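Read the structure below first, then the notes.
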Amino acid sequence: MSIKIAVDVMGGDHSPAAEIAGAILACRQWGSDVVLVGDSNLIEKELSAHQTSGLKLDVHHASEVVGMDDSPADAIRKKKDSSIRVAFDLVKNGQAGAVVSTGNSGATMAAGMFVLKRVKGVDRPAIATVMPNQKAQTVVLDMGANVDCKPQNLQQFAIMGSLYAEHVLGKATPRVGLLSNGEEEKKGTDLTRETHLLLRDTDLNYVGYVEGADVYNGSTDVIVCDGFVGNVLLKVSEGLAVAIASMLKQEIESRFLAKLGYLLSQPAFKAFKKRVDPSEYGGAPLLGLDGTGVICHGSSSPVAISVAIRQAEEFARIRIEEKLAQFL
């Protein structure tokens, strides 16, 4: 049985067209059940350009929009009928099972915390991102929700990430590492050193300090850091992927033999592109909420949004929040 997903279609860079196209794609590919939340007039106008007969698509009106420049606190207090607030209200009221949003990530987190609340024992929810590595995937958190963290926050992120890797990625005993500037115990900051001591006393499969290279070499399944470091890591990784693709294209186009080699290697290039394409990984779940929320990049493509909808349905079915509550 499918779980209805509430999609905030108003907050992204290409709203509502990209979100609606992604929702339609998810309905067609996987039979997803989606409610589009936002300005009903704009939604209906966009839907009229698509063939939606037979799809599980509903529309729920919301009169306000949270902009990228709105502060999370103001967005929750002053815009009670915003699409992101209404989407979480649908989950709270049992009319949907999860939320997907391409909007303001801070406001999405704030709305989730205000409406759904946190899992008992969780001080701060975190944004988790799955990143490709040489062997499979690495879960990295926090990716931007919490800039200033305490050791116990990072300890809880480690628990969340381990449960995510185990129940979503199928890792039996996920290896958890703490991101630092070296593997030696004397390295790091006061925050990482204190967190290191806390993690050693948990039942997690904690492997100690790891470095930036470990995000991609597959030696660790879960990597923990504060939101400032995590967001910088994410943006650098995204920029590096774009730069590598651009430089490869320039080199291939400038040499005849390189063009010939590219033609012969096209299957490998296509496979590599698919492996590192952010669209293949959908969105980033908000771990620690007493419910399911998934944040997508503001410029997400319809494909990425469709994958995020599928993810949200899977997360809601697994109910990681219940497993987290049991662990804590």
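Worth pointing out:
- Of ASP123, ASP148, all but one fail to be within 18 Å of GLY293 (Cα to Cα), in a loop (DSSP other than H, G, I, E, B) and either open to solvent by 30 Å² or more (accessible area, probe 1.4 Å) or out of contact with any Lys or Arg (no Cβ under 9 Å at 6 or more places or on another chain) (or both); the exception is ASP123.
- Residue match in segment 166-173 (condition: under 23 Å from ILE318 (Cα atoms) and either open to solvent by less than 10 Å² (accessible area, probe 1.4 Å) or touching a Gly at 6+ places or on another chain (Cβ under 8 Å) (or both)): no
- Boolean, LEU234 is touching a Phe, Trp or Tyr at 6+ places or on another chain (Cβ under 6 Å), in contact (Cβ under 8 Å) with a residue 12 or more places away in the chain and either surrounded by fewer than 16 Cβ atoms within 10 Å (Cβ to Cβ) or not in a strand (DSSP E or B) (or both): no
- Residue list for segment 216-231, filter: part of a helix (DSSP H, G or I) and farther than 17 Å from ALA126 by Cα: TYR216, ASN217
- LEU42 surrounded by 13 or more Cβ atoms within 10 Å (Cβ to Cβ), out of contact with any Ser or Thr (no Cβ under 6 Å at 6 or more places or on another chain) and in a strand (DSSP E or B): no
- Test for ASP221: is it surrounded by 14 or more Cβ atoms within 10 Å (Cβ to Cβ) and at pLDDT 90 or above: yes
- Scanning segment 173-181 for any residue that is part of a helix (DSSP H, G or I) and touching a strand residue (DSSP E or B) at 6+ places or on another chain (Cβ under 8 Å) turns up nothing.
- Test: residue in segment 155-169 that is touching a strand residue (DSSP E or B) at 6+ places or on another chain (Cβ under 8 Å), modelled with pLDDT under 90 and not in a helix (DSSP H, G or I): yes
- Contact annotation: residue pairs with Cβ atoms under 6 Å, 6 or more positions apart or on different chains, pairing a residue in segment 158-177 that is among the polar types (S, T, N, Q) with a partner that is open to solvent by less than 10 Å² (accessible area, probe 1.4 Å) and not in a loop (DSSP other than H, G, I, E, B), are SER162/VAL176; SER162/VAL222.
- Restricting segment 197-215 to residues that are farther than 14 Å from ARG175 by Cα and not in a loop (DSSP other than H, G, I, E, B), the residue that is least open to solvent (accessible area, probe 1.4 Å): LEU198
- Complete set of residues in segment 60-93 that are open to solvent by 50 Å² or more (accessible area, probe 1.4 Å) and part of a strand (DSSP E or B): HIS60, HIS61, GLU64
- Matching residues in segment 253-307 - criterion: being open to solvent by less than 50 Å² (accessible area, probe 1.4 Å) and modelled with pLDDT under 70: ALA258, GLY261, SER265, ASP277, SER279, TYR281, GLY282
- Residues of segment 22-39 satisfying the condition of being open to solvent by 30 Å² or more (accessible area, probe 1.4 Å), part of a helix (DSSP H, G or I) and closer than 18 Å to SER83 by Cβ: none
- In this structure, VAL100 does satisfy being part of a strand (DSSP E or B) and in contact (Cβ under 8 Å) with a residue 40 or more places away in the chain.
The values are calculated or read from the model by the stated rules, or taken from the named source; none is laboratory data. Since the model is a prediction, treat every value here as computed from it, not as a measurement. Here Cβ is always computed from backbone atoms with ideal geometry, including for glycine, and neighbour counts include all displayed protein chains. Just the protein is used for accessible areas: all its heavy atoms, side chains included, with ligands, DNA and RNA removed. Shrake-Rupley method; radii C 1.70, N 1.55, O 1.52, S 1.80 Å.
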